[in-house]
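The values are calculated or read from the model by the stated rules, or taken from the named source; none is laboratory data. All values derive from a computational prediction rather than experimental measurement. For neighbour counting, all protein chains shown are included, and Cβ atoms are generated from backbone atoms with ideal geometry for every residue, glycine included. For the accessible areas, the whole protein counts, side chains as well, though only heavy atoms, and no ligand, DNA or RNA atoms are used. Shrake-Rupley method; radii C 1.70, N 1.55, O 1.52, S 1.80 Å.
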Amino acid sequence: PELVLNTFGASDVNVVDIGLAATTIGNLGDHINSTRIFIPSTTCGEEECSISKSEAAEIYATLDMVYSIIFLAAFLWLMFFERREGRIAKRKIITVDDYSVVVEWVPPDTTAEDVRRHF
């Protein structure tokens, strides 16, 4: 989504036919008619290295998809192992509930001493 929000840059944008390269990536560069993005502090032979805006759009979209898949996989992995760890912790940690007994139908006039004697 972050690649298709900015349509207010220096690039000409046809609102009817908005492509990925005409949005955020289309606004990179310092000139309205610029079709290439120059990579600063690099040299490719005699000139500065560059990439076309449509190639950059493909790279950005692919990386965005890859990062989304990695995030989803990490989320699912964490959810699976978190449940497993919860079950292991529940088995290994001793709580008061492990030693509690529920006694139902105790007569109202029963004292603590009567309960101790019974058990």
request  = Report the residue count in segment 89-113 for those that are modelled with pLDDT of 90 or more and surrounded by 10 or more Cβ atoms within 10 Å (Cβ to Cβ).
outcome  = 1
ask   = List the pairs whose first member sits in segment 32-44 and is outside any strand (DSSP E or B), whose second member is at pLDDT below 75 and of a type outside the set (Asp, Glu), and whose Cβ atoms are under 7 Å apart, counting only residues at least 6 apart or on separate chains?
value = 32/10; 32/11
Enumeration of residues in segment 57-88 that are open to solvent by less than 70 Å² (accessible area, probe 1.4 Å) and either charged (D, E, K, R) or modelled with pLDDT under 80 (or both) = 57, 64
